[in-house]
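So the structure is just underneath, and the comments pick up after that.
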Amino acid sequence: MVLLTELCAKETPQDFIIRYKKYNTVCQRLGYEKRSCKERKQGIIAFHARLSSTLHNLGSNAVVVFGKVTLNSGSTYNGNKGIFTAPTDGIYSFTWTILTAAGSHFHSEIVVNGNVVGYNNANGISVSRQYESSSSTAVIRMKKNDKVWIRTHGNHGREAQGDWSSFSGFQL
């Protein structure tokens, strides 16, 4: 009889709030983060861009501008400056690929707010005498308005092939 009464009883708004708070506490303890509806409305954050043309002999620590933007969901990547700006706190994944010609090389690094967090070395100076490519990925915890870009490592930006070299990222 008690079970039947419990199943048939209508839940009051106050009962619902108490139950909601209990579930919310359990979820937070399991590590789920609370996000506002406003954050969810922004949708998917993702971009992909390629070099517009082949780059030659870039200066020391020069920003590599991947200007041919093929995807920019959330409008977070600036194809004129080569800089991604995080719209919200979160974890982001970035990948960049460089293709260099035989007899050349292109060393690059990924930078967050001026701090280097990863490297890439496309080395076409080898016995094979072929075009060589190299890809790197960095998964980075970012705060809102943090900036990420790719730049040459030192003065080793000899040659990066246009269209074959790319930079992409997305929020996890």
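The values are calculated or read from the model by the stated rules, or taken from the named source; none is laboratory data. Computed from a predicted structure; not experimentally measured. Glycine also receives a Cβ, built like all others from the backbone with ideal geometry; neighbour counts cover every protein chain displayed. We work out accessible area using only protein heavy atoms, side chains counted, and drop any ligands, DNA or RNA first. Shrake-Rupley method; radii C 1.70, N 1.55, O 1.52, S 1.80 Å.
List of remarks:
- Tally of residues being open to solvent by 40 Å² or more (accessible area, probe 1.4 Å), polar (S, T, N, Q) and over 18 Å from PRO87 (Cα atoms) across the range 123-160: 8
- Residue that is farthest from ALA160 (Cα to Cα), among those in the range 105-143 that are outside any strand (DSSP E or B) and at pLDDT 95 or above: LYS143
- For the range 135-146, the set of residues classified as within 25 Å of LEU99 (Cβ to Cβ) and not hydroxyl-bearing (Ser, Thr, Tyr) consists of ALA138, VAL139, ILE140, listed by residue number.
- Verdict on SER53 being more than 19 Å from THR137 (Cβ to Cβ), surrounded by fewer than 19 Cβ atoms within 10 Å (Cβ to Cβ) and modelled with pLDDT of 95 or more: yes
- Residue list for the range 70-122, filter: within 16 Å of ASN155 (Cα to Cα), free of Cβ contacts under 8 Å to residues at least 40 places away in the same chain and buried (at least 18 other Cβ atoms within 10 Å of the Cβ): ASN120, ALA122
A quick yes/no check of all residues on (1) at pLDDT 65 or above; (2) closer than 30 Å to THR100 by Cβ; (3) basic (Lys, Arg):
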| site | (1), (2), (3) |
| --- | --- |
| MET1 | no, no, no |
| ILE18 | yes, no, no |
| LYS21 | yes, no, yes |
| ASN24 | yes, no, no |
| ARG29 | yes, no, yes |
| LYS34 | yes, no, yes |
| ALA46 | yes, yes, no |
| ALA49 | yes, yes, no |
| VAL63 | yes, yes, no |
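- Test result for ALA160, farther than 23 Å from THR54 by Cβ and either aliphatic (A, V, I, L, M) or free of Cβ contacts under 8 Å to residues at least 12 places away in the same chain (or both): no
- Hits in the range 69-103 (condition: of a type in the set (A, V, I, L, M, F, W, C), within 13 Å of ASN145 (Cα to Cα) and part of a loop (DSSP other than H, G, I, E, B)): ALA86
- Of all positions in the range 53-68, at least one carries a residue that is of a type in the set (Lys, Arg) and not in a loop (DSSP other than H, G, I, E, B).
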